[in-house]
Amino acid sequence: MQEMLIVGRGGEGVVLASQLLADAFARAGHWVQSFPEFKAERRGAPISAFLRWDASSPIHRRYKVRDCDVLAVVSPSPPSAEVLRSVRPGGLVIVNREERLPVSGPFDVVRVPASRIARDRGVLSVEGRPMGNVAVLGACVRHLLPDGLGFLEQAIAARLGAAADVNVAAAQEGFARCRTQRARAGDVPLEPGSGATAPPRPTPTYPVSTTDSLGVH
């Protein structure tokens, strides 16, 4: 099972992105789970969405993703060190950026100019701001489901109706234009205690079942 954290701000389509990507994974034959976490319910407030997928078995976990295999950042602003620390060693970080992210850690970084793609394609919010969420999904699919661009296109068409064509074009361009960046000497490393050096989580005091409430009781 793989776990993914999608972060952004209210009004940027974070929840929609998680639903579309879950739909694409389901169409590809995976078991999936997707749900959001809302804080202050207003535009501009931090929003998180969680996605799990498994190619072989149902998913019984019902809690939010704490440590992830993949982090996708919908906002054009860089992710905080705290958010980056949630990525497991060997994981993947996908960011909405034209310039490289000057951070190094035990993960790969992929950047995609999602906001520019959205602006050029006319994928805009009601206020006229570029919505980079679907272009970010194109980059996600390229690295997580390489043969699944068609499934993402089907998910977009099924969900977005009249707005599907421009969003499909944005997803295709995000798929084509994402780039994996190389580490450089000037990159800022995550501070000690993050990533591979994070302390292990304590063993629960009581046994916990992820199958049913009777087991928990």
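The values are calculated or read from the model by the stated rules, or taken from the named source; none is laboratory data. Just so you know, these numbers come straight off a predicted model, no measurement behind them. Neighbour counts run over all protein chains shown; Cβ positions are idealised from the backbone, glycine included. Heads up: the accessible areas ignore ligands, DNA and RNA and are worked out on the full protein's heavy atoms, side chains in. Shrake-Rupley method; radii C 1.70, N 1.55, O 1.52, S 1.80 Å.
Summary table
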quantity: Per-region count, the range 144-155, residues under 24 Å from P113 (Cβ atoms), part of a helix (DSSP H, G or I) and either touching a residue at least 40 places away in the same chain (Cβ under 8 Å) or hydroxyl-bearing (S, T, Y) (or both); calculated: 4
quantity: Among the candidates G11, G44, G29, residue that is farther than 20 Å from V134 by Cα and either among the small types (G, A, S) or within 13 Å of the chain's Cα centre (by Cα) (or both); calculated: G29
quantity: Residue in the range 56-69 that is open to solvent by less than 30 Å² (accessible area, probe 1.4 Å) and aromatic (F, W, Y) present; calculated: no
quantity: Considering residues of the range 105-124 that are outside any loop (DSSP other than H, G, I, E, B) and in contact (Cβ under 8 Å) with a residue 60 or more places away in the chain only, the residue most open to solvent (accessible area, probe 1.4 Å); calculated: D108
quantity: Flag for I6 being in contact (Cβ under 8 Å) with a residue 60 or more places away in the chain and buried (at least 16 other Cβ atoms within 10 Å of the Cβ); calculated: yes
quantity: Contacts under 6 angstrom Cβ, first residue in the range 86-103 being closer than 22 Å to G132 by Cα, partner of a type in the set (G, A, S) and open to solvent by less than 10 Å² (accessible area, probe 1.4 Å), 6 or more apart; calculated: I94/A72; I94/A139; N96/A114; N96/G132
quantity: Candidates G11, G29, G90 - the one that is surrounded by fewer than 17 Cβ atoms within 10 Å (Cβ to Cβ) and within 23 Å of A114 (Cβ to Cβ); calculated: G11
quantity: Within the range 156-191, tally of residues that are assigned to a loop (DSSP other than H, G, I, E, B), in contact (Cβ under 8 Å) with a residue 60 or more places away in the chain and open to solvent by 50 Å² or more (accessible area, probe 1.4 Å); calculated: 4
